[in-house]
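Chemist: First the structure, which I've put down as structure tokens, then a few questions once you've had a look.
The values are calculated or read from the model by the stated rules, or taken from the named source; none is laboratory data. It should be emphasised that the depicted structure is a prediction, and the values quoted were computed from it without experimental measurement. Here Cβ is always computed from backbone atoms with ideal geometry, including for glycine, and neighbour counts include all displayed protein chains. The accessibility values were calculated without ligands, DNA or RNA, using every heavy atom of the protein model including side chains. Shrake-Rupley method; radii C 1.70, N 1.55, O 1.52, S 1.80 Å.
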Amino acid sequence: MKRIKQTVKAEDSVYQTLQRTKKQKTGFYSSVYNISDPYYLKDWGNLPHHVVLHIFQCLPLVDRARASSVCRRWNEVFHIPDLWRKFEFELNQPATSYLKSTHPDLIQQIIKRHADHLQYVSFKVDSSTESAEAACDILSQLVNCSIKTLGLISTAKPSFMNVSKAHFVSALTVVFVNSKSLSSIKIEDTPVDDPSLKVLVANNSDTLKLLKMSSCPHVSPAGILCVADQCHGLRELALNYYLLSDELLLALSSEKHANLEHLRIDVVSENPGQIEFHTIKKQSWDALIKHSPKVNIVMYFFLYEEEFDAFFREETPVTHLYFGRAVSKSMLGRIGMNCPRLIELVVCANGLQPLDDELIRIAERCKNLTAMGLGECEVTCRGFIEFVKMCGGRLAQLSIMEEVLIPDNDYNLDQIHSEVSKHLGRLWFPDMMPTW
């Protein structure tokens, strides 16, 4: 009886998918079957392989597994390599997460029958050490894989950082050694270290194009420099500021290196009470821009006001700036003077001093600015309108909380939306704080 119920449920899922496919691609299957009539398909097992394959690609994993038990033909399709090129292992503990997990039996079946088919693999784990260790156990078994992209995603901290460094590095090295063609790796918030990066470079230097490894405390500036020196095809890089150096920027600017497209830098206090950060020379930034003129340089700041002294004293080619904590007026003034490539600016908090002069300077000097967001700040209505007037229609995104705007002798809150809309060339209103 249980088997019958599973089969019926699987067939219902398949029929629903057929109906969705019909709406998306009218006529694609109607020339083969009259799928508007569920009774027309008297023998589901006779569906062509390519049709079943397309349906399976649209089904969630659980429904796909159920459908594979309907008949031998569907089970054969279930194991076609094309279905296993992309896979996400979901590893969660019932006590720490409400999310579902990939069934252990299915994991073992994948490792046994499809490890060599996996190409685009990610692991999504909750905050528990058990889930992270389970991910490492799976990684260590992928000895016959040819993975191209690998992502380790923690839905909550600490996860991978609680796994023993030896266990994590050993498991990751298995993939680095056996894949030989890794092009994209996301291993943020993990205990990856310099020796494991050397293994990565030794086996995948010709193919690596993307590396995201913010919050990896066991990696040194020398470790990331090794990657830049050897992986000449690297186009996207994400790291913490303490790993950034003049030597790294110069390595990314060498003639044999591909043009960098995206550089993300997270600026956080590495030690409690840290208020001093090293500076990067203007010549190093200039070399990078000369080599990769279209590179996006994104910086996320999670500092306190007294920690900003080292930044933007000289011209810096940053394109996207996000401040997660309070930032001083003087800091915003330096951004207006020294960030001519700025495209997007988001300030979550500033204080109780109006930012009129700073915003106007940014509008004057940052000719590429197209997106602005202000949270817990203050700016007069007249100052804000002047800023928008100077930027004009190039401000494609403008998100300002209504509480930020201070009425003055020229404009009040009821007038500001029409004035701003006029200069933007589209209807605009300030954001409202939810009342719940």
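Chemist: Kindly indicate whether any position in the stretch 386-395 is part of a loop (DSSP other than H, G, I, E, B) and either out of contact with any Asp or Glu (no Cβ under 6 Å at 6 or more places or on another chain) or of a type in the set (A, V, I, L, M) (or both).
Modeler: yes
Chemist: At least 3 residues that are closer than 21 Å to Asn203 by Cα and either touching an Asp or Glu at 6+ places or on another chain (Cβ under 9 Å) or open to solvent by less than 60 Å² (accessible area, probe 1.4 Å) (or both) in each: list the helices (runs of 4 or more DSSP H) lying fully within the stretch 71-166 that qualify.
Modeler: The qualifying helices (runs of 4 or more DSSP H) are 129-139.
To keep it simple, each residue is scored yes or no on (1) in a strand (DSSP E or B); (2) not assigned by the TED database to the domain that holds Cys366.
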| site | (1), (2) |
| --- | --- |
| Glu247 | no, yes |
| Leu250 | no, yes |
| Gln283 | no, yes |
| Ala287 | no, yes |
| Tyr300 | yes, yes |
| Thr316 | no, no |
| Arg325 | yes, no |
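Chemist: Could you check how many residues of the stretch 342-393 are in contact with a strand residue (DSSP E or B) (Cβ under 7 Å, 6 or more places away or on another chain), of a type in the set (S, T, N, Q) and within 13 Å of Leu332 (Cβ to Cβ)?
Modeler: The qualifying residues number 1.
Chemist: Would you be able to say whether some residue in the stretch 271-280 is open to solvent by less than 20 Å² (accessible area, probe 1.4 Å) and either part of a strand (DSSP E or B) or not assigned by the TED database to the domain that holds Leu342 (or both)?
Modeler: Checked against the condition, which is being open to solvent by less than 20 Å² (accessible area, probe 1.4 Å) and either part of a strand (DSSP E or B) or not assigned by the TED database to the domain that holds Leu342 (or both), the stretch 271-280 yields no hits at all.
Rundown of residues vs (1) touching a Cys at 6+ places or on another chain (Cβ under 9 Å); (2) polar (S, T, N, Q); (3) in contact (Cβ under 8 Å) with a residue 24 or more places away in the chain, yes/no style:
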{"site": "His54", "(1), (2), (3)": "no, no, yes"}
{"site": "Asn75", "(1), (2), (3)": "no, yes, no"}
{"site": "Trp84", "(1), (2), (3)": "no, no, yes"}
{"site": "Leu118", "(1), (2), (3)": "yes, no, yes"}
{"site": "Cys136", "(1), (2), (3)": "no, no, yes"}
{"site": "Pro158", "(1), (2), (3)": "no, no, yes"}
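Chemist: Taking the options Leu250, Leu197, name whichever one is within 24 Å of Thr316 (Cβ to Cβ) and either aliphatic (A, V, I, L, M) or out of contact with any Ser or Thr (no Cβ under 8 Å at 6 or more places or on another chain) (or both).
Modeler: Leu250
Chemist: Condition check: modelled with pLDDT under 70 and either under 30 Å from Ser128 (Cβ atoms) or in the same structural domain as Ile138 (by the TED database) (or both). Does Thr17 satisfy that?
Modeler: Against the criterion (modelled with pLDDT under 70 and either under 30 Å from Ser128 (Cβ atoms) or in the same structural domain as Ile138 (by the TED database) (or both)), Thr17 does not qualify.
Chemist: What is the number of the single condition among (1) open to solvent by 10 Å² or more (accessible area, probe 1.4 Å); (2) modelled with pLDDT under 95 that Cys216 does not meet?
Modeler: Of the numbered conditions (1) open to solvent by 10 Å² or more (accessible area, probe 1.4 Å); (2) modelled with pLDDT under 95, the odd one out for Cys216 is (1).
Chemist: Identify, please: which residue in the stretch 353-376 is among the β-branched types (Val, Ile, Thr) and surrounded by fewer than 23 Cβ atoms within 10 Å (Cβ to Cβ) and is, among those, nearest to Ala326 (Cα to Cα)?
Modeler: Within the stretch 353-376, the match that is nearest to Ala326 (Cα to Cα) is Ile360.
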